[in-house]
Amino acid sequence: MEGTYGDSTRSVKAVGAEAIAGQPVAPPPVPVSAYHLSPDEAQPLDTYGRSSNPTWRRLEGALAELEGASAALAFGSGMAAITSALRVLTGPGTRLVVPADGYYQVRRYASQYLVPQGVSVLEAGSAEMCAAASEADVVLAETPANPGLEVVDLHRLGMTCRERGATLIVDNTTATPLGQQPLSLGADLVVASATKALSGHSDLIAGYVAGSHPEMMSALESDRVLAGPILGPFEAWLVLRSLGSAGLRFERQCQNATAVAMLLRSHPAVRSVRYPGLPEDSAHEVAARQMRRFGGLVSVELADAAAVHALVERSALLVASTSFGGIHTSVDRRARWGDPVPDGFARLSMGIEDTDDLIADLGAALG
Ligand SMILES: *Cc1c(COP(=O)(O)O)cnc(C)c1O
C-alpha cells in the first residue's frame, strides 16, 4: 500500500508525528543551542545545536521518505547543501562536471573555490552531460535545468557514471521529490534547495542532501558540524509544516504550468516556449520516462526585455521576482542575473492560483 500512495498522501504521511495520546498532532519547533548533559558524561543524542536538533530530525525523516533515501540532512540553504557535497566529494585532482545551463551560483562556487583547490572543473550543457561524464570523477547534474529546462537522461547518466566509478549528484530543486526521485534512477546523492516549491511560500531559505550511502552521509554530516551551514530550528519547522501541503501545491503548480505552456506555444508574441510536459518539447520523451510530474516552471522567450516588463505590468496576477516555487505566479527575466539566455527570456514559476484565472490574466497581458 505504502508504495502506491499519491503525492498528497505521501506529503501528509511524511510529516506525521507518532500517534501518542496527549502529544501534539503537529510537532512544535524545538529552538535550542545547548542540551542538558548527565553527570556520568554519557553522550546523549543531542548535545549542541550545531550538531543536531529534534526538529531537523523530523524534517530530515520526511525528506528522506519523499526522496526514497535512507537519510537526509538539512542545511541552511540550497547552496550550503550543494557546496558541502562538493567539498566532501572533491579534492585536488578530481575531475568535476557541473551544468553550463544550470544554477549559475554553482558554477561561480566551482571556479572561485574549487579550482584553486586543484579540482579540475568542466562546464557541460545538460544535453552533453553523458559525454562529459565519461571523463569525470564527480558529476553534478540538474534536471530540469534552471532556467532553460533542458532535461538530463538520469538513467543513462547513472549508467555512464557507474561504469567509470564516478559519483553522480543530482540537483532535484526544480522537479522536487514529488516530480522525480533521482536516487531510484541511479544518482548517488540528491542535493536541493527547499527554498522553492517544497517550502513554497517565498518566506524562507533552506536546503538538503539525501542519499543512501552511509559513509557519504556521515562525511556530509561531519562537514555540516565543522563548517556550520545549519538551518535554524524555526525555519526547519516551517519547512516541515509546508511539506504537508507540498503535494497539493505542486499538483496545482504543474496543472497551471501545463495550461500556461499550451497558451504560450500558440501565441504570436512568443518566440519559443519550453516545458518538459509539452508533447512537442525536445525533452518530453526522456522527461516522461523519469518524471512523475513535469514541474511548475515554464520558460519562454519574448521579443525583448521590454516585452517581459510589459507582460508583468499589464497582468493583475504575475509578480516580478526571482526564485520560484511559491504560491504566487512569478516572472524572472534571467539575463539580468547573467544567465546565458536571450534578453527576452523569462522563467515563469507557477503559483497556486485557479488555472482559469491565470490563463485569462496571462492571455490578456500578452495582448
Ligand atoms: C535556488 C537554487 C539553488 C540554490 O538554493 P538556495 O536555497 O537559494 O541556496 C540551487 N539549485 C537550483 C536548481 C536552484 O534553483
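Using +1 on the beta carbon of Lys and Arg, -1 on that of Asp and Glu, and nothing else charged, what's the dipole of the chain about the Cα centre, debye to 20?
On the way: 28 positive and 40 negative charges, 38 e Å.
Roughly 180 debye for the chain.
Scattering from the C-alpha atoms of region 1-61 alone, worked out with Debye: what is log10 I(q)/I(0) at q = 0.15, 0.27 1/Å?
Evaluating at q = 0.15, 0.27 Å⁻¹ gives log10 I(q)/I(0) of -0.64, -1.14.
Evaluated at 10 °C with a viscosity of 1.306 mPa s, what Stokes-Einstein diffusion coefficient in µm²/s does region 53-128 have when Rh comes from the Kirkwood expression over alpha-carbon pairs? Please list the in-between numbers first.
Numbers: Rh = 13.9 Å.
The estimated diffusion coefficient comes to 114 µm²/s.
Which percentage, to the nearest 5, of the DSSP beta bridges contained in the chain is antiparallel? Write out the running numbers ahead of the final one.
Numbers: 23 of 40 bridges.
Restricted to the chain, the bridges split so that about 60 percent are antiparallel.
According to the Cα gyration tensor, what semi-axes, each the square root of 5 times an eigenvalue, does the equivalent ellipsoid of region 6-120 have, listed from largest to smallest in whole Å?
Working: eigenvalues 242, 97, 25 Å².
Each semi-axis is √(5λ); the values are 35, 22, 11 Å.
Quick one: which residues, 5 or more positions from Ala71 or on another chain, have an amide H under 5 Å from its amide H? H modelled 1.01 Å from N in the peptide plane, none for Pro or chain starts.
It is Gly211, by chain and number.
Give the Kirkwood hydrodynamic radius (Å, one decimal) of region 245-366, defined as one over the mean of 1/r across all pairs of different Cα atoms.
Values: mean 1/r = 0.0697 Å⁻¹.
Radius from the Kirkwood sum: 14.3 Å.
Rounded to whole Å and sorted largest first, what semi-axes of the equivalent ellipsoid does the C-alpha gyration tensor of region 168-247 yield via the square root of 5 times each eigenvalue? If you can, show how the numbers build up before the last one.
Numbers: eigenvalues 86, 66, 16 Å².
Working through the eigenvalues yields semi-axes of 21, 18, 9 Å.
Given the options Asp101, Asp357, Asp40, state which has the largest fluctuation in a GNM of the chain using a 10 Å cut-off (strictly under) for Cα springs.
Asp40
How much space per residue, in cubic angstrom, does the convex hull of the C-alpha atoms of region 214-310 take up? Each step should come with its number before you reach the end.
Details: hull volume 18.9 nm³, N = 97.
Residue-normalised Cα hull volume stands at 195 Å³.
Return the loop-located GluC sites (Glu not before Pro) in region 1-79 (DSSP other than H, G, I, E, B) with at most 15 other Cβ atoms within 10 Å of their own Cβ; answer none if there are none.
Details: sites: Glu2, Glu18, Glu41, Glu60, Glu65, Glu67; in loops: Glu18, Glu41.
Hits after loop and neighbour filter: Glu18, Glu41.
Set the Förster radius R0 to 25 Å, insert the Cβ-Cβ distance between Trp337 and Met262 as r into 1/(1 + (r/R0)^6), and round the FRET efficiency to 0.05. Write down the numbers at each step before the final one.
Values: r = 28 Å, r/R0 = 1.10.
That gives a FRET efficiency of 0.35.
Got the relative contact order for the chain handy, in percent, Cα pairs under 8 Å and 6 or more residues apart?
Contact order relative to length: 17 percent.
Give me the distance in nm between label points sitting 7 Å out from Cα along the Cα-to-Cβ direction at Asp357 and Gln105, one decimal.
For the pair Asp357/Gln105, the computed spacing is 3.1 nm.
Once Lys and Arg get +1 and Asp and Glu get -1 on their Cβ, which of Val88, Pro31, Ser70 lies farthest toward the positive end of the dipole of region 1-106?
With unit charges placed on the Cβ atoms, the residue in question is Val88.
Tell me, what does the Kirkwood hydrodynamic radius of region 201-260 come to in angstroms if you use every pair of distinct C-alpha atoms?
Working: mean 1/r = 0.0710 Å⁻¹.
Computed over region 201-260, the radius equals 14.1 Å.
Of Ala206, Leu318, Val97, which is farthest along the charge dipole of the chain in the positive direction, counting Lys and Arg as +1 and Asp and Glu as -1 at C-beta?
Checking the options against the dipole of the chain, the answer is Leu318.
Cα axis of helix 355-366 to longest principal axis of the chain: angle in degrees, 0 to 90, nearest 10?
Helix 355-366 sits at roughly 50 degrees to that axis.
For region 7-242, what number results from the quotient of the Cα radius of gyration and 2.2 N^0.38 Å?
Details: Rg = 18.1 Å, N = 236, 2.2 N^0.38 = 17.5 Å.
Scaled against compact globular proteins, the figure is 1.03.
Show me 30-36, 227-233 ranked by packing, highest mean number of other Cβ atoms within 10 Å first.
On the way: 30-36: 12.3, 227-233: 18.6.
Peptide ranking by packing, descending: 227-233, 30-36.
If I model a spin label as a point 7 Å beyond the Cα along the Cα-Cβ vector, how far apart are those points for Arg289 and Asp304 in nm?
Label-label distance for Arg289 and Asp304, simple model: 4.2 nm.
Each value in this text was obtained by applying a stated rule to the coordinates, not by laboratory testing. All of these numbers come straight from a predicted model, not from anything done at the bench. Virtual Cβ from ideal backbone geometry, glycine too; neighbours counted across all protein chains shown.
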